[in-house]
Amino acid sequence: MRPNNQKNPKVKKVTMLSLLSTFCISRGGKFVTELTSQTWKKLVEKRNNRTVWIVDFQAGYCPACRQAAPYFAEAAEQSHGMVRFGSLDTQKYSDIAAPFGIRYIPTFIIFYPDGYKVYNGERSTRGFCNAAAKYIPNNSNEIDETWAERSDKEAILFTNKGQVPPMWAAISNSFYDNQDGIKIGHALNSEKKDMFNVTAFPTVLVRDGNKSRIFDGKPSFSVLQNFIAKFFDGTLPEATPKPTPKPKGLYIETIDTEEKFEKICHKHKNCVIMAGEPDEEFKKIATKFQHDPFVFASCPAGSKLDYIKKGIWVYHRTQDKCAFVESVDKLNNALDRIIDGSLHWRPIVDVKMDQEL
């Protein structure tokens, strides 16, 4: 006999495969299960306390049923298995529909662990998804300090939303009482985030002894479920290192024609143009404000923009207005005032006229 604490590798394989296929019931390439007398009893009536169904009670002759069906099918696909979607033909299986007192079709009923509720909301993809997702029970555990100290198999969601989202609740049900001892947890505050050196919300962290990985894909229930299962059974591909972003250099444009002015200064950023060659102080200010809505440029002597002869000209990003700054030592203050909205802008023609006097 095998000792009780020795795991059967075959059980592990079956467990992981079942986790990946738990919510993939489909027929004809669809994500909606066509329920029958046999499947109704097995899947819906005897559902476990972690499963939520939304069932479309319909009939083939019904125009309203045909109209709602595409939205219901799309909701089933978008749910990615968080909730199970079923369809029951009330003509064929009137005995199943009768106890629910259905007076019109289509009727949509949500079956959750403790009962059922008729859905009377909007017949839309989002309506079906959101209504059913609210009933997903949560079996994720709120983590404490002991989670950071131990070396168990863990999958943890770090979120600042104040509650466990339906997708993670569905994940907790998917891995509930699994043979591999994977624990599903969540943290709702930054203090617990810091214990695991997590730097952002939301983050999904999986850990197994000294190994760990952060989920960096586009979140959906099936993708996240697959990521967790494959991490713990050792079949998850190694993460592809992200290329190190090249440091963004500071570019001070050169504007010496009207064409360049139009091209550079009409990019929904305020255009800061210094007459002559840019000095070191101008470059320092440009570096300081490079992540703000400004483009920095110089207008060399002898350019076709002969009105930019001295000082610094700051052009409004969307209006035909500008501000004239006499010297670079006053530029920092002027840009601060642009950011806080206190700078007084003037029509370009008026500023040009002042400088010609």
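Listed values, structure above:
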{"read-out": "Among the residues listed as T244, T203, the single one being at pLDDT below 85, not small (G, A, S) and not assigned by the TED database to the domain that holds K309", "value": "T244"}
{"read-out": "Qualifying positions in the stretch 93-117 - more than 21 Å from N49 (Cβ to Cβ) and under 36 Å from the mean Cα position of the chain (by Cα)", "value": "I105, P106, T107, F108"}
{"read-out": "Test for V164: is it more than 27 Å from F57 (Cβ to Cβ) and either without any contact (Cβ under 8 Å) to a residue 40 or more places away in the chain or not assigned by the TED database to the domain that holds D56 (or both)", "value": "yes"}
{"read-out": "Residues of the stretch 254-300 classified as of a type outside the set (S, T, N, Q), part of a loop (DSSP other than H, G, I, E, B) and farther than 23 Å from I339 by Cβ, total", "value": "4"}
{"read-out": "Qualifying strands (runs of 3 or more DSSP E) (wholly inside the stretch 72-129; at least 3 residues being of a type in the set (G, A, S), under 16 Å from F31 (Cα atoms) and outside the structural domain of Q225 (by the TED database))", "value": "none"}
{"read-out": "Pick from the stretch 308-351, criterion basic (K, R) and over 24 Å from D279 (Cβ atoms), ranking: nearest to the chain's Cα centre (by Cα)", "value": "R317"}
{"read-out": "Count of residues meeting criterion [surrounded by fewer than 16 Cβ atoms within 10 Å (Cβ to Cβ) and either closer than 18 Å to H186 by Cβ or over 22 Å from the mean Cα position of the chain (by Cα) (or both)] in the stretch 203-219", "value": "6"}
{"read-out": "Candidates A187, A131, A148, A200, filtered to the one that is under 18 Å from H80 (Cα atoms) and aliphatic (A, V, I, L, M)", "value": "A131"}
{"read-out": "Conditions (1) β-branched (V, I, T); (2) crowded, with 18+ Cβ neighbours inside 10 Å; (3) assigned to a helix (DSSP H, G or I); number of the one not met by T146", "value": "(2)"}
{"read-out": "Which listed residue, of D329, D350, is acidic (D, E), more than 16 Å from F282 (Cβ to Cβ) and either surrounded by fewer than 13 Cβ atoms within 10 Å (Cβ to Cβ) or free of Cβ contacts under 8 Å to residues at least 40 places away in the same chain (or both)", "value": "D350"}
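The values are calculated or read from the model by the stated rules, or taken from the named source; none is laboratory data. Everything numeric here is computed off the predicted structure, so don't read it as measured data. Quick reminder, even Gly has a Cβ in these numbers, built from the backbone with ideal geometry, and neighbours come from all protein chains shown.
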